[in-house]
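Here the structure comes first, spelled out in structure tokens, and everything after it is commentary.
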Amino acid sequence: MPNPNANAYPPLKPIDLHLLLALAQEEQHGYGLVQSIERATNGVVTLDPGNFYRVIKRLLADGLIAEAERRRAADVDHERRRYYRITALGKRVLAGDLRRLHALVKSPAVRTIMREWAT
């Protein structure tokens, strides 16, 4: 059973972060998610179906995403497609991880390194 306390979750794995960010925009089916992540990362992150569905299963089990209950009218031909949505817990976990990453990027150590690398 998922832990409803978003603070109990460790930092998100990069693929989890990308999936939750994509689903925070809109409900999507599996192939649409793969495409969204590839576009958002300029092709740096590509997912093979086996790995993708293992991640989906884990996020479902953790309660961070759920299967969407409604289908879009345009997808009547694709009744076998499963749509996913981010849950309220998933939103809280994502927000917490984004706050953590924001604090990291704004830290003095990172700023120093970025200044050194920029020259």
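The values are calculated or read from the model by the stated rules, or taken from the named source; none is laboratory data. These numbers were taken from a predicted model, which means no experiment stands behind them. Virtual Cβ from ideal backbone geometry, glycine too; neighbours counted across all protein chains shown.
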Quick one: how many residues across the stretch 5-36 are in a helix (DSSP H, G or I) and in contact with a helix residue (DSSP H, G or I) (Cβ under 8 Å, 6 or more places away or on another chain)?
17
Can you tell me which residue is surrounded by the fewest Cβ atoms within 10 Å (Cβ to Cβ) among those in the stretch 7-27 that are within 13 Å of residue 98 (Cα to Cα) and among the aliphatic types (A, V, I, L, M)?
24
Any idea which of 44, 110, 93, 76 is modelled with pLDDT under 95, within 18 Å of residue 12 (Cβ to Cβ) and outside any strand (DSSP E or B)?
44
Output yes when any residue across the stretch 32-52 is among the aromatic types (Phe, Trp, Tyr) and either exposed (fewer than 15 other Cβ atoms within 10 Å of the Cβ) or in contact (Cβ under 8 Å) with a residue 24 or more places away in the chain (or both), and no when none is.
no
